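Below you'll find the structure, written out as structure tokens, and then a few comments.
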Amino acid sequence: MSSLIKLEDITKSYQLGESTYTALKGINLEIQRNEMTAIVGVSGSGKSTLMNIVGFLDRCTSGRYLFAGDDTSHLNDDQLATIRNKNIGFVFQSFFLLPRSSALQNVMLPLFYRGIDQADAKEKALSMLDKVGVAHLADHRPNQLSGGQQQRVAIARALVGDPEVILADEPTGALDSATGHEVMTLFTNLNRNEGRTIVIITHDKEVSRQCKRVVSIKDGKIE
């Protein structure tokens, strides 16, 4: 079985004035379908840069990225955006919910980009809010929700398009420990019960311990 994500000798460099900073140095990584993987490292280790490349938010400087067996290295920005919209569900530390939109409207948003009509989008979004336990808060705006509730809405938004992989960047970073544990339990159940492929970027050892596999990155290299 081919890997869902396969990175081959990936490097990422940035030009800083007259000098070059290399954030990733020859990364080789495979992630299989149905895995729940933590990518761990301290600040500046390269883990966020790696997440951006895995999520098609950035391009590598050199190397090859195969997604579901297809080489994505030569795709243009529009083609990468299509893969990102259909195949990647993002969850961020800061939630990134639209402040003037309800929880329901926030979850519906990715479906509008796919041209799904409003009635179907609403039905799917309500189903996802129910799955993560906040359907009763569908009409609330983000400022009416706790941090844990906002993160559950963000997870519903990530799930609503039925992506191949959920990519979570420090998903418990803005939450207290008890709420963070609830969110990680939700991820664990999604992986165990539905076979969701989940990649979590974190510096938190408590978070990484709850993942089936831990990949450690240091100074731009996988240890």
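The values are calculated or read from the model by the stated rules, or taken from the named source; none is laboratory data. The model shown is predicted, which means the values in this text are computed figures rather than measured ones. Every residue, glycine among them, receives a Cβ derived from its backbone with ideal geometry; neighbour counts consider all protein chains shown. Side chains are part of the model used for accessible areas, which takes the heavy atoms of the whole protein and leaves out ligands, DNA and RNA. Shrake-Rupley method; radii C 1.70, N 1.55, O 1.52, S 1.80 Å.
Check whether at least one residue in the stretch 128-147 is in contact with a Pro (Cβ under 7 Å, 6 or more places away or on another chain) and open to solvent by less than 50 Å² (accessible area, probe 1.4 Å), and report yes or no.
The answer is yes, given that some residue of the stretch 128-147 is in contact with a Pro (Cβ under 7 Å, 6 or more places away or on another chain) and open to solvent by less than 50 Å² (accessible area, probe 1.4 Å).
Take the residues in the stretch 209-223 that are hydrophobic (A, V, I, L, M, F, W, C) and closer than 18 Å to Asn34 by Cα; name whichever of them is surrounded by the most Cβ atoms within 10 Å (Cβ to Cβ). Full working, then the answer.
We begin by selecting, within the stretch 209-223, every residue hydrophobic (A, V, I, L, M, F, W, C); these are 211, 214-215, 217, 222.
With closer than 18 Å to Asn34 by Cα added as a condition, the list becomes 211, 214-215.
Working: Cys211: 22, Val214: 15, Val215: 19.
Result: Cys211.
What number of residues within the stretch 187-223 satisfy the criterion of being of a type outside the set (Ser, Thr, Tyr) and touching a Lys or Arg at 6+ places or on another chain (Cβ under 7 Å)? Spell out how you get there, then give the answer.
Pass one, the stretch 187-223, residues of a type outside the set (Ser, Thr, Tyr): 187, 189-196, 198-201, 203-207, 209-215, 217-223.
When the remaining residues are screened for being touching a Lys or Arg at 6+ places or on another chain (Cβ under 7 Å), the result is 190, 201, 217, 220-221.
Matching residues across the stretch 187-223 total 5.
Checking Gly161 against (1) buried (at least 16 other Cβ atoms within 10 Å of the Cβ); (2) at pLDDT 95 or above, only one condition comes out false. Which one?
Result: Gly161 passes all but (2).
If you check every pair at least six apart or on different chains, which have Cβ atoms under 9 Å apart with a residue in the stretch 70-97 that is farther than 14 Å from Arg114 by Cβ first and a residue that is open to solvent by 40 Å² or more (accessible area, probe 1.4 Å) and among the aromatic types (Phe, Trp, Tyr) second?
That search, which allows pairs on different chains as well, returns Phe90/Phe96.
Being touching a residue at least 40 places away in the same chain (Cβ under 8 Å) and either in contact with a helix residue (DSSP H, G or I) (Cβ under 6 Å, 6 or more places away or on another chain) or closer than 20 Å to Lys47 by Cα (or both) is the filter here; which residues of the stretch 173-189 pass it? Write out each step before concluding.
Pass one, the stretch 173-189, residues touching a residue at least 40 places away in the same chain (Cβ under 8 Å): 173-174, 186-188.
Selection gives Gly173, Ala174, Phe187.
Condition first: assigned to a helix (DSSP H, G or I), among the small types (Gly, Ala, Ser) and open to solvent by less than 40 Å² (accessible area, probe 1.4 Å). Can you find one or more residues in the stretch 90-101 that meet it?
Residues of the stretch 90-101 assigned to a helix (DSSP H, G or I): none.
Checking the stretch 90-101: not a single residue is assigned to a helix (DSSP H, G or I), among the small types (Gly, Ala, Ser) and open to solvent by less than 40 Å² (accessible area, probe 1.4 Å).
Could you list, in sequence order, all residues of the stretch 172-208 that are exposed (fewer than 13 other Cβ atoms within 10 Å of the Cβ) and within 14 Å of Ile39 (Cβ to Cβ)?
Lys205
Of the residues in the stretch 1-29, how many are open to solvent by 80 Å² or more (accessible area, probe 1.4 Å) and either in contact (Cβ under 8 Å) with a residue 60 or more places away in the chain or touching an Asp or Glu at 6+ places or on another chain (Cβ under 9 Å) (or both)?
2
Scan the stretch 33-82 residue by residue and report those that are of a type outside the set (S, T, N, Q), surrounded by fewer than 19 Cβ atoms within 10 Å (Cβ to Cβ) and in contact with a Ser or Thr (Cβ under 8 Å, 6 or more places away or on another chain). Outline the logic, then answer.
Filtering the stretch 33-82 down to residues of a type outside the set (S, T, N, Q) leaves 33, 35-36, 38-42, 44, 46-47, 50-51, 53-60, 63-71, 74-75, 77-78, 80-81.
Subsequent filtering for residues that are surrounded by fewer than 19 Cβ atoms within 10 Å (Cβ to Cβ) retains 33, 42, 44, 57-59, 63-64, 66, 68-71, 74-75, 77-78, 80-81.
Matches in the stretch 33-82: Arg33, Asp58, Gly63, Arg64, Leu66, Ala68, Gly69, Leu80.
Please enumerate the residues belonging to the stretch 113-123 that are under 15 Å from Gly89 (Cα atoms) and open to solvent by 90 Å² or more (accessible area, probe 1.4 Å).
Here is the first cut: in the stretch 113-123, the ones under 15 Å from Gly89 (Cα atoms) are 113-114.
The answer is Tyr113, and nothing else.
Looking only at strands (runs of 3 or more DSSP E) that fall completely inside the stretch 1-87, which ones have 1 or more residues that are within 23 Å of Asp204 (Cβ to Cβ)?
Details: elements: 5-16, 19-31, 36-40, 62-67.
Per the criteria, 5-16, 19-31, 36-40.
For the stretch 1-38, which positions are within 18 Å of Cys211 (Cα to Cα), in contact with a Cys (Cβ under 9 Å, 6 or more places away or on another chain) and not acidic (Asp, Glu)?
Met36, Thr37, Ala38
Which of the helices (runs of 4 or more DSSP H) contained wholly in the stretch 113-223 include at least 2 residues that are of a type in the set (Ser, Thr, Tyr)?
Working: elements: 118-131, 147-159, 177-194, 205-208.
Counting at least 2 such residues, we get 177-194.
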